[in-house]
Amino acid sequence: MIDFGLVGKRAVVSGAGYIPGRAGHGRRSSLRLAEAGATVACIDIDEGRANGIAEEIVAAGGKAFPVVADMTIANEVERALDEAVAELGGLDVCVDIIGRATWNPVEKFSDDDWHYAISQNLTQVFFLFRAASRHMIEQGTGGSLIAIASVDGIAAAAYHSAYGAAKAGVISLARTFADELGRFGIRANAVAPGAVGSGNEDQREDRWAIDWKSPLLAPRASDIANAVLFLSSSLAGRITGQTLVVDGGATTKSLWGMTPESVDAYRQY
């Protein structure tokens, strides 16, 4: 039995509720943390979603409670963290899930779309990490900060440029918080999912990719949650300032688009 070191730990997940049609990183990460023994403060802007994931955790035998807040507003973030920490009795793990892309070619991207994407994907991460780190520093027992970034912050983000820029900022924020807060025993990391979409949890375990143009191992929402669990745990006790890419190998693929058929053709030269 692997000990994740999370039994009795106190966790906050921002964006914990499930939105139908989306991958559900917040829901699955909250469930994983609870399964590992943490008590989870489930923060969401929607009261029904916050209650829903908290009730699901409790029904499964875990410990959780809802907190309702708009985490893109600085004073709401402070209020939500104060409420969560008061109920939890402290803070050991803080996970940021919130994010959404706006789509358009760069020459048609509006100012409003740009500001919305930066606020939703980057600014709110800073607000949350800042508030959580204050509690962790005062507490004096260290902690783990984790944000969901994206491979779009590492490679190009065609037709959703603001999202890619924001996610690159999340990766930088994780490094900076790690650099500044390591002396307090606080770790900061990011998880960069690939194209999970609405998830593919029904995929057979022996079904890895659709064709040669697909990622080597198609990522699932549960794979993202497992990465969050790992970075939250004592297994990652000396890992900080890193971005764990979970994209099924998409960003590692050859630029040349080779297939078994094209290899056979090249053998003729």
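The values are calculated or read from the model by the stated rules, or taken from the named source; none is laboratory data. On a predicted model such as this, the values are computed, not experimentally measured, just so you know. Cβ sites come from the backbone with ideal geometry, for glycine too, and all protein chains shown count toward neighbours.
Is it the case that region 104-115 has a residue that's of a type in the set (Gly, Ala, Ser) and either crowded, with 18+ Cβ neighbours inside 10 Å or on the phi > 0 side of the Ramachandran plot (or both)?
no
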Confirm whether Ala64 is surrounded by 24 or more Cβ atoms within 10 Å (Cβ to Cβ), touching an Asp or Glu at 6+ places or on another chain (Cβ under 7 Å), assigned to a strand (DSSP E or B) and among the aliphatic types (A, V, I, L, M). no
Does Phe177 satisfy being touching a Leu at 6+ places or on another chain (Cβ under 9 Å), of a type in the set (Phe, Trp, Tyr) and surrounded by fewer than 23 Cβ atoms within 10 Å (Cβ to Cβ)? no
Selection from region 15-57 of residues that are within 16 Å of Ala227 (Cα to Cα) and not aliphatic (A, V, I, L, M): Gly24, His25, Gly26, Arg27, Arg28, Ser29, Ser30, Arg32, Glu35
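Just for region 230-258: of the residues that are in a loop (DSSP other than H, G, I, E, B), loosely packed, with under 12 Cβ neighbours inside 10 Å and not aliphatic (A, V, I, L, M), which one is modelled with the highest pLDDT? Steps first, answer last, please.
Filtering region 230-258 down to residues in a loop (DSSP other than H, G, I, E, B) leaves 233, 237-242, 247-249, 253-258.
Filter once more, so that each one left must be loosely packed, with under 12 Cβ neighbours inside 10 Å: 238, 254-257.
From the residues that got through so far, the ones that are not aliphatic (A, V, I, L, M) too are 238, 254, 256-257.
On the way: Arg238: 97, Ser254: 73, Trp256: 70, Gly257: 69.
Checked region 230-258; the qualifying residue modelled with the highest pLDDT is Arg238.
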Being out of contact with any Gly (no Cβ under 8 Å at 6 or more places or on another chain), modelled with pLDDT under 85 and buried (at least 16 other Cβ atoms within 10 Å of the Cβ) narrows it down to one residue among Val263, Val196; which is it? Val196
How many residues are part of a helix (DSSP H, G or I), closer than 19 Å to Ala80 by Cβ and in contact (Cβ under 8 Å) with a residue 60 or more places away in the chain if we restrict to region 1-29? 3
Mind telling me which of the residues Ala36, Ala41 ends up being closer than 26 Å to Gly142 by Cβ and surrounded by 23 or more Cβ atoms within 10 Å (Cβ to Cβ)? Ala41
Among the residues of region 118-140, is there at least one that is part of a strand (DSSP E or B), more than 17 Å from His160 (Cα to Cα) and at pLDDT 95 or above? no
